[in-house]
Amino acid sequence: MERTYIMVKPDGVQRGLVGEIIKRFEQRGYQLMALELMHPTQQHLEEHYKDLAGKGFFAGLIKYMQSGPVVGMVWAGKDVVKTGRAMLGATNPLASAPGTIRGDFSLDVGRNICHGSDSVESAEREIALWFPRGVPEYKRDISVHGLIYE
Ligand code: DAT
Ligand code: MG
């Protein structure tokens with residue numbers, strides 16, 4: 001099963017949106033594989049966002065991401081990377097459609113409350129970074145599985 005890394009950012013945690021974000025992935029039919037509230041170091045965040053290291057907003061992004069705990073999650077299921085991004089909405093919340101997480105709960109690109117991996121490769125890299133002890137698989141009850149997948 002495809003996996004993605006979803007993270008509630010410090011603003012989302014402070015605003016009490018962790019449950020709301022979990023709810024949306026659960027009700028869509030995705031399977032929760034890992035979940036942890038974490039206090040990442042600056043170095044860890046710089047590694048997570050290393051592709052953006054040259055950007056003017058990088059320092060501000062890292063500072064914001066270190067302003068409080070984050071909730072990291074691994075979700076699994078059909079096309080979860082692309083669908084997870086669609087559920088999050090556009091990077092800039094003002095361009096996010098209502099009904100998306102960012103489109104329903106945020107306004108500024110620098111306070112967009114959640115992260116989602118942008119490809120299967122980056123998902124696996126991010127899962128290894130945030131859950132270095134590994135993420136064990138477990139089978140969902142076959143009758144539940146049959147109600148979600150044909
Ligand atoms: P996404 O989080 O949608 O994958 P990204 O990977 O390009 O977007 O950027 C990571 C985060 O960096 C993004 O969620 C918010 C911040 N960011 C991106 N572009 C920005 C900009 N132009 N100004 C300020 N912050 C920005
Ligand atoms: Mg990104």
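Structure above, values below:
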| item | result |
| --- | --- |
| Matching residues, region 123-132, being among the small types (G, A, S) and open to solvent by less than 40 Å² (accessible area, probe 1.4 Å) | A123 |
| Qualifying residue in region 106-119 (condition: modelled with pLDDT of 95 or more, in contact with a strand residue (DSSP E or B) (Cβ under 7 Å, 6 or more places away or on another chain) and either of a type in the set (G, A, S) or away from ligand 1 (no atom under 14 Å from the Cβ) (or both)) | yes |
| Counted residues, region 21-35 - those being more than 16 Å from I148 (Cα to Cα) and open to solvent by 50 Å² or more (accessible area, probe 1.4 Å) | 1 |
| Cβ-Cβ under 9 Å pairs, at least 6 apart or on other chains, region 111-122 side at negative phi and open to solvent by 10 Å² or more (accessible area, probe 1.4 Å), far side assigned to a loop (DSSP other than H, G, I, E, B) and near ligand 1 (Cβ under 9 Å from one of its atoms) | R111/K9; H115/K9 |
| Candidates V135, V70, V74 - the one that is closer than 25 Å to H44 by Cα, crowded, with 21+ Cβ neighbours inside 10 Å and more than 16 Å from ligand 1 (Cβ to nearest atom) | V74 |
| Filtered residue count, region 90-109, keeping only those that are small (G, A, S) and either touching a Leu at 6+ places or on another chain (Cβ under 7 Å) or open to solvent by 30 Å² or more (accessible area, probe 1.4 Å) (or both) | 4 |
| Breaking point among (1) without any contact (Cβ under 8 Å) to a residue 24 or more places away in the chain; (2) under 24 Å from E2 (Cβ atoms); (3) away from ligand 2 (no atom under 16 Å from the Cβ); (4) assigned to a loop (DSSP other than H, G, I, E, B), for L107 | (2) |
| P10 open to solvent by less than 20 Å² (accessible area, probe 1.4 Å), of a type outside the set (S, T, N, Q) and free of Cβ contacts under 8 Å to residues at least 40 places away in the same chain | no |
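The values are calculated or read from the model by the stated rules, or taken from the named source; none is laboratory data. As the structure is a computational prediction, the values presented were derived from the model and not from experiment. When we count neighbours, we look across all protein chains shown, and the Cβ atoms used for this are built from the backbone with ideal geometry, even at glycine. Accessible surface areas use protein heavy atoms only, side chains included; no ligands, DNA or RNA. Shrake-Rupley method; radii C 1.70, N 1.55, O 1.52, S 1.80 Å.
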